[in-house]
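Everything below concerns the one structure shown next.
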Amino acid sequence: MTEIFWLIPFIPAASTLILAVFGKKLPKKYVSFQACFAVFASFVISAISAVGLLQTAHGNYPLVKNLFSWIQAGSFQVNLSLMFDPLSAVMALVVSGVGFIIHVYSVGYMADDEGYTRYFTYLNLFTFSMLILVMASNLVLMFVGWEGVGLCSYLLIGFWFEKHSAANAGKKAFIVNRIGDTGFLLGILFIFIHIGSAEFTAINEAISGGAISVGLATLIAILLFVGATGKSAQIPLYVWLPDAMEGPTPVSALIHAATMVTAGVYMVCRMNLLYTLSETAAQVVALVGAITAVYAATMALTQNDIKRVLAYSTISQIGYMFIGCGVGAYAAGMFHLYTHAFFKSLLFLAAGSIMHALSGEINMKKMGGLRKYLPLTYPTFLIGAIAIAGVPFFSGFFSKDAILTRAFAQGQYSAFYYFIWGLGIMGAVLTALYMFRLVFLTFHGEERLDPEVKKHIHESPKVMTIPLVILAFFSVGAGYIGLPVVLGKKLNFFGKFLEPVIKEVKEVHLSIQTEWMLIAIATFVAFLGIFIAYVFYIRSPLIPRNLATRFPTIYKLMFNKYYVDEIYNAVFVKPTIKWSKIIYDNFDLKVIDGAVNGTATATGFAGKILSYFQSGLIKDYGLIFLLGVIIFLAYLLF
Amino acid sequence: MIPTNYFLILSVVLFVLGAIAFFVKRDLVTQFMSIEIMLNAANLAFITLARSANSADGQIIVFFIITVAAAEAAIGLAIILLIFRQKKTIKSEDIKLMKG
């Protein structure tokens, strides 16, 4: 049954095509059915294929399906071929599974929107692109998916394009991603030059065969990672993600939390041999991840827009995934990606449910005490918050602990990794703190609702709450397939599943006492964060205000997101616009327009002369014709 | 037997007459007839040479020319008729819609 895996991306593609062509004539109910069904079908096939993988003996994969030869020019060859191995399987399951739940949720959330069909067309297109990205068997096809999801991201951020800020946010996302993609493309080119193929199997063989030097590996790995920082919103290219919240909330959940933004992590895991070969590149990945994890968390602390807090939280959590990749725990990074997909999409969808209840209100300062109005949203949101905070027995705990344990274990080799671990722990406290700040400000405490909003307050319809419940279930349970190694290696089913793809070179062992100690520390910091949030926002709400007035500089810095947007604006955007203006005035207007206008004038002049011969009289034409014949004959005869 | 040259001379004479008529006459119908004369002059030349060369090619071409000429006559006359209805004239000097 696993041979049909190549159908996975093409079902949503077919659905996109139908919706794009006939969408306007189809009834709304059918559109919702088809869009959801296509993704569900992909999910079913992914599940069947994944089960098939489990039964296949190791060494028999990756399954590769070569559909056709796409580019062939001399020795340069790219096939349109798909691949299915444990890593693709995990991603395909997450994309189609979480994607399906979010599609269903969207049916309720977007019910009254004018662009209903357009929305589902984009959403299906996104699913297709993302599945191509994760199932491509070579870097070039992966890049196609990579750009495809970027395009869908742009289209969906600017979905309400009549709103100026949404259109701008879409543009920002697109342009910032282009910067990263330049690096990614350069990386692919270097691989092509030195290895001669972009197929993952060929690349892995070349790397394990020692075909490329460490220095070259570092260069390629860092170039590829530049692409990852763009797509996965890491320092320095993270600025687009908070603005991306202008899009519909289910889009934020699917694209800007669960799937697309984790593409960078997937890519690094896919190229894990490269990053294992080059320790410098791996350290760069870990460092960028760790700094981003803490830095984004501090910004999440001061935001009042519920979706922006979640956006910074996403940036911070992806930072954790990169810590995992950087310290060599690729499986743990993927594991965090997988659990994060559940609880972060849950949090976003629950936030969407809150906005739905409050007529679109997103400012937490105007919420509070919502717990009694939203009897289903509240517990599900709380579960998501607990999971992300890293409280034991919830999924986020297992994955975060796996990453941090590995980071600590790597400390045996270099003190650098202790530093990474320290940042990770700091980020964990902040995560629990900002998440529960969010919970307490929204659902607890005094009501600060607008009286007008309060009149219309209502729990969301079933089509929206049932997805929340399902995701809440997974946010708790998803972690149990990857239990900490200390409980027994066999129980880390997730890591075992990924083993054939991810070759862990350095085995690191920690004593059982150390492992338990690390688990205790992780638990402690999670509760510490929650406790601080409780003190700050429930027991004595004056403290944060006092802190803000006592350290106005720090608070202002954090509240204004470290002025990074302003700095980028002044350093990159403004000069670009200024130089563009100069070039426009001098080159475009004078040289190019001059050439174009000159051609037009010359053509007009020539036409005027020639039109003199066109008298409209039949006899003149006959005469010219006759003369022509005579000249022709004369030429032939003499 | 009449020599081949006589037929060719007749063909040239017919063609030149047609051409002169085309430039001298003023109404479209006569000009149209002169075109037909030129066509038939060409036909005559074709068929003469076909005969002298003992080949069927020229004769086949003549059949084509006759068919095309028939179609052309039908369309051409219809156009002239419509022009007359619109403009109340068939003088070729008065018709210069296509002047550039």
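Each value in this text was obtained by applying a stated rule to the coordinates, not by laboratory testing. For clarity, every value in this text was computed on a predicted model and none was experimentally measured. Please note: Cβ atoms are built from the backbone with ideal geometry, for glycine as well, and neighbour counts cover all protein chains shown.
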Total charge dipole magnitude, the protein assembly as shown, about the Cα centre, Cβ charges on Lys, Arg, Asp, Glu only, Debye to nearest 20: 1460
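For segment B:4-94, with only Lys/Arg (+1) and Asp/Glu (-1) charged at the beta-carbon, what is the dipole magnitude about the Cα centre, in debye rounded to 20?
On the way: 7 positive and 6 negative charges, 59 e Å.
Dipole magnitude for segment B:4-94 comes out near 280 debye.
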Kirkwood Rh, the protein assembly as shown, all Cα pairs: how many Å? 30.5
Let me test this: with uniform point scatterers at the alpha carbons of segment A:183-249, what is the Debye-based log₁₀ I(q)/I(0) at q = 0.13, 0.17, 0.20 1/Å? -0.46, -0.65, -0.78
Over segment A:486-609: Kirkwood hydrodynamic radius from C-alpha pairwise inverse distances, Å: 23.0
Could you quote the convex hull projected area for segment A:128-171, Cα atoms only and averaged over all directions, in nm²? 2.9
Relative to the longest principal axis of the C-alpha atoms of chain A, give the angle of the C-alpha long axis of helix A:415-443, reported between 0 and 90° and rounded to the nearest 10°. 90
If you average the C-alpha positions of segment A:135-190 and of segment B:35-72 separately, how far apart do those two centres end up, in angstrom? 68
Hydrodynamic calc, segment A:543-638: Kirkwood Rh from Cα pairs, then Stokes-Einstein at 4 °C with viscosity 1.567 mPa s, so D in µm² s⁻¹ is 62
Give A:K172/A:K307; A:K231/A:K590; A:K231/A:K344; A:K307/A:K503; A:K28/A:K454; A:K231/A:K365 a once-over and call out the pairs whose C-alpha atoms are over 28 Å from each other. A:K231/A:K590; A:K307/A:K503; A:K28/A:K454; A:K231/A:K365
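Equivalent ellipsoid semi-axes for segment A:415-570, as square roots of 5 times the alpha carbon gyration tensor eigenvalues: give them largest first, rounded to whole Å.
Values for segment A:415-570, descending: 36, 26, 18 Å.
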Have a look at segment A:102-244 and give its Rg and Dmax from the Cα atoms, expressed in angstrom. 17.8, 58
How far is helix A:395-410 tilted, in degrees, relative to the longest principal axis of the Cα atoms in chain A, given as a value from 0 to 90 rounded to the nearest 10? 90
Can you give the alpha-carbon Rg of segment A:397-507 over 2.2 N^0.38 Å, where N counts its residues? 1.55
If you average the alpha carbon positions of segment A:274-295 and of segment A:411-484, how far apart do those two centres end up, in angstrom? 25
Across 5 Å bins from the origin, how do the percents of Cα pairs in segment B:4-94 run, short distances first? 3, 14, 19, 19, 17, 12, 8, 5, 3, 1, 0
Expressed in angstrom and rounded, the centroid-to-centroid distance over alpha carbons for segment A:581-600 and segment A:220-269 is 39
Show which aspartates and glutamates lie in cross-link reach of A:K372 when reach means a straight Cα distance below 14 angstrom and same-chain residues fewer than eight apart are skipped. A:E446, A:E447, A:E459
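Viscosity 0.890 mPa s, temperature 25 °C: what is the translational diffusion coefficient of segment A:161-311 from Stokes-Einstein with a Kirkwood Rh over Cα pairs, rounded to a whole number of µm²/s?
So the translational diffusion coefficient is about 149 µm²/s.
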Cα convex hull of segment B:56-100: how many Å³ per residue? 95
Among B:L10, A:I102, A:V39, whose Cα projects farthest towards the positive end of the dipole of the protein assembly as shown, with charges put on the beta-carbon of Lys, Arg (+1) and Asp, Glu (-1)? A:I102
Derived scalar couplings ³J(HN,Hα) [segment A:624-638; Karplus, 6.51 cos²θ - 1.76 cosθ + 1.60; whole Hz; x for Gly, Pro]: 4, 4, 4, 4, x, 4, 4, 4, 5, 5, 4, 5, 5, 7, 9
If one takes the longest principal axis of the Cα atoms in chain A, at what angle in degrees, from 0 to 90 and to the nearest 10, does the Cα axis of helix A:10-22 lie? 60
Ranked A:L623, A:L224, criterion: other C-beta atoms within 10 Å, fewest first: A:L623, A:L224
